[in-house]
1. For the range 31-48, enumerate the residues that are in contact (Cβ under 8 Å) with a residue 24 or more places away in the chain and not polar (S, T, N, Q).
2. Would you confirm whether any residue within the range 5-20 is modelled with pLDDT under 95, in a helix (DSSP H, G or I), surrounded by 13 or more Cβ atoms within 10 Å (Cβ to Cβ) and out of contact with any strand residue (DSSP E or B) (no Cβ under 7 Å at 6 or more places or on another chain)?
3. Considering every residue within the range 119-131, establish whether at least one is in contact (Cβ under 8 Å) with a residue 40 or more places away in the chain, within 25 Å of residue 7 (Cβ to Cβ) and surrounded by 14 or more Cβ atoms within 10 Å (Cβ to Cβ).
4. Please go through (1) assigned to a helix (DSSP H, G or I); (2) more than 9 Å from the ligand (Cβ to nearest atom); (3) at pLDDT below 95 for residue 36 and return the number of the only condition it doesn't satisfy.
5. Tell me yes or no: at least one residue of the range 56-63 is of a type in the set (Lys, Arg) and surrounded by fewer than 14 Cβ atoms within 10 Å (Cβ to Cβ).
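The values are calculated or read from the model by the stated rules, or taken from the named source; none is laboratory data. Not measured: the values here are computed from a predicted model. A quick note on method: Cβ atoms are made from the backbone with ideal geometry, for glycine too, and the neighbour counts reach across all protein chains shown.
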Amino acid sequence: MLYIIALTIHILSVVIWIGGVAFVTLVTFPMILRMDKSLEMVMMFQGTEHRFGKIAKVMVILAGLSGLYLIYEKGTSLGVWLMIVIWSFYAALLFGFEKMIFKKLFGQPSNDMDTKKVFNMLQTFHWIVLGLSFLAIIAGVYAGHY
Ligand code: HEM
């Protein structure tokens, strides 16, 4: 019974968190990139990241804790290690590197050209992160069913 609860928490947190990353990548970024003014772009981005950042942090913690319990029940495998590696990358991003990157990107005043370039880079980065998330989902399904 506890196994089912942990697995449900694991999947729900992963759905909310990776669903959010997919939304930001597929919907928010294209909207931002269609805007003309840098201030508008930065405001929209920061508004989204500010709200979603908190949700993502809670979900990453829940996915990690439920994952630990799942290991206790089922043990580890290659798929589980792959999930742990990708999870660690996310945790490092959310709890540390993100601030460093933002400071570098938004620290100095910039003109409209620079802002477009920065958001193009950020979108590419989100595509990479989304691709890695899909890999973690595949690893999880493999670990659970093979
Ligand atoms: C990027 C983050 C993660 C994603 C997207 C992810 C996704 C998944 C998915 C989709 C499953 C499949 C469940 C099923 O089909 O029955 C799963 C199971 C599992 N996950 Fe994760 N997970 C992540 C992080 C973690 C972490 C950090 C741990 C360990 C601390 C972990 C440990 C496990 C275990 C042990 C299972 C169960 C395997 C089994 O039933 O034998 N996962 N995960």
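1. Within the range 31-48, 32, 33, 36, 37, 41, 42, 45 qualify.
2. Filtering the range 5-20 for residues modelled with pLDDT under 95 gives none.
Checked against the condition, which is being modelled with pLDDT under 95, in a helix (DSSP H, G or I), surrounded by 13 or more Cβ atoms within 10 Å (Cβ to Cβ) and out of contact with any strand residue (DSSP E or B) (no Cβ under 7 Å at 6 or more places or on another chain), the range 5-20 yields no hits at all.
3. Yes, the range 119-131 contains at least one residue that is in contact (Cβ under 8 Å) with a residue 40 or more places away in the chain, within 25 Å of residue 7 (Cβ to Cβ) and surrounded by 14 or more Cβ atoms within 10 Å (Cβ to Cβ).
4. (1)
5. Scanning the range 56-63, I find no residue that is of a type in the set (Lys, Arg) and surrounded by fewer than 14 Cβ atoms within 10 Å (Cβ to Cβ), so the answer is no.
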